[in-house]
Amino acid sequence: MSFLAALDALPPNDPARAGLFMQRLRADWRALFAELRADRPVLELPIFTMVSRWTDVVDVLSRNETFRVTYAPMMDPSVGPYMLGRDGAEENWRDKSVMRALMRWDDVPGIRALAAATAAEALAATAPPTVDVVQAVSRLVPLRVVQHCFGFPAPDDAMLRWSWATQADMFHNIANVKARHDACVQAGTEMRAWVRSFLATRRPWDQAAGEDTVSRLLRLTAGGLSGLDPEQVVSNVCGLLVGAIETSSQAIVNATEQILLRPEVATRALRAARGNEEAAFDAIVWEALRFNPMTTFVIRTAATDAVLGPGTPYETKVTAGTRIAAGIGSAMFDPGVFPEPDAFRERRRTAYLHTGFGPHECLGQFVAYAIIPETIRHILLLPGLRLREGDASRVDFAGGPFAEHFVLAHGAAG
C-alpha cells in the first residue's frame, strides 16, 4: 500500500498519521518525498504541514517574516538573544551584517589549509585496519577552525560538549524533550561564562591580538562601530560554535558514506583527490551529500494566516501558529530543478540547499564549502579505504541526533 493510501485510511486528526509519516521517512525518505511531490505537494499532519516541491520549499524559506524560525525558546535561555532565532528584528539585521563582514572571504584559503593539516595529522595517527571517522577527524576539523580561525579557543572537551548539547536542542528537539533543553541551557550558561572570562583578558585595540573573527569583532566594538553591547558580543561569539561542529561532522560522514557506496564515484573522487582537482572533487562531495543531507526538512512557524503553494491547484491556507516543514531533502530531488534526480552527477553548487536558503542561509557557508570537502579528501586518501563487510560500517547514532561512529576499513585487505 502506498504511503498516501495508508495515511488517508486514518482519521485527519489521528496522531498515528504523524507516526506513519516518521516511520516512512526513516525507512525510505526519497521514495516518500517522491510520492508527496507527485500527489500531495502540501501534506497536512497533526505535527506540521509539509511542503515538498522546490518552488514551495524556497517560497517558505524566503518569506521569513511570514514563516519564522522556531529557535528562540531554545536559544535565548542558552546563549542569549541571537540572530538565528530572530526574524524581522534588530538582532537579525544588525548581528548578521556585523558577523558576515568579519568572516572574510579571503580567510577561506587559510581555513582550508588548516582543515587539510588537521585532517592529515589526525588520520596519520589512525593505524590500520580501521578508522572511526567521527572519533578521529569529522568533529576535530571544525573544532580546530572554531578555535584558531574564529578565535574561540576553549578546551576541546568543553567545546565538544557545548556544541552537542546546543545543537541537539536548538535544531533536533521537535518533541521538546525537557532533559535535552535543560542540557542546552546548562551548556550555554557554561559557555557564556567562559567567553566572558576570556574576553576580559583581551586588548581589542591591539592589532597583534590576531586576525581571527573574535579579534576583529572586539576591535570593531571597541571603536563603537558594531552596535553591540558586551552581552551581545558574548552571544555572537557563542554562535560561532553553535552552528559549526555537529553540522559539519554529519556532512562529512554522510557524504563520505555516499561516495564509498558507489565504486565508480569513489574512483573518480580518489582520482580528483590525488590530483588536487579541487573544483572537481568538491562537486562530487556536494552531490554525494544530496543523497543523504544533514537533514531532510526544517521547521518554520506561520506568524500570520498564510497560503502555501499560492496560485497552484493545491493552494493551501494555514492559520497563524501552524508549524511548516520545508522539505529541503525533497526539493533537491525535484526534477524541475535537478534533471534526472536519481542519477549521481555533479551539478552547480548554488542549486543545493545544504546550507539553507533565503534570509537564514548559513552564515558560515563558505567555511563549510572549504572544510567539509577538504576533510573528506584526506579521508579518501587513506590507502585501501573501503566500507567494511555487511553492516559493519553502518553509521552509528548511539540513540542521539548525530553520528557518533562511522568505522571504515583501510590498509591492506585481510
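The values are calculated or read from the model by the stated rules, or taken from the named source; none is laboratory data. All values reported here derive from a predicted model rather than from experimental measurement. Neighbour counts are summed over all protein chains in view; Cβ atoms, including those assigned to glycine, are modelled from backbone coordinates with ideal geometry. We work out accessible area using only protein heavy atoms, side chains counted, and drop any ligands, DNA or RNA first. Shrake-Rupley method; radii C 1.70, N 1.55, O 1.52, S 1.80 Å.
Let me check I've understood the local charge: for Arg196, count other residues with C-beta under 12 angstrom from its C-beta, Lys and Arg +1, Asp and Glu -1. What total comes out? Residues close to Arg196 contribute a combined charge of 0. For Met191, Met294, the ranking by accessible surface with the largest value first comes to Met294, Met191, using a 1.4 Å probe. DSSP bridge analysis restricted to the chain gives an antiparallel fraction near 85%, rounded to the nearest 5. Shown for segment 262-414: the carbon plus sulfur share of the solvent-accessible area, taken with all protein chains present and a 1.4 angstrom probe, equals 54%. Rounded to the nearest Hz, the phi-derived 3J(HN,Hα) couplings of segment 242-254 under the Karplus curve 6.51 cos²θ - 1.76 cosθ + 1.60 (θ = phi - 60°) are 3, x, 9, 6, 5, 4, 5, 4, 5, 4, 4, 4, 5, where x marks glycine and proline. Phi angles of segment 304-315 translate, via the Karplus equation with coefficients 6.51, -1.76, 1.60 and θ = phi - 60°, into HN-Hα couplings of 9, 4, 8, 10, 9, x, x, x, 9, x, 9, 3 Hz per residue; Gly and Pro are given as x.
Keeping the other protein chains in place, figure out the carbon and sulfur percent of the accessible area of segment 150-215, with a 1.4 Å probe. Carbon and sulfur atoms account for 60 percent of the accessible area of segment 150-215.
Each residue of segment 59-71 was assigned a 3J(HN,Hα) from its phi angle through the Karplus expression (A = 6.51, B = -1.76, C = 1.60, θ = phi - 60°), giving 4, 4, 6, 7, 8, 6, 8, 8, 10, 9, 5, 10, 7 Hz with x at Gly and Pro.
What segment 131-179 shows is 37 Å² of accessible area per residue, with the surface traced by a 1.4 Å probe over protein heavy atoms.
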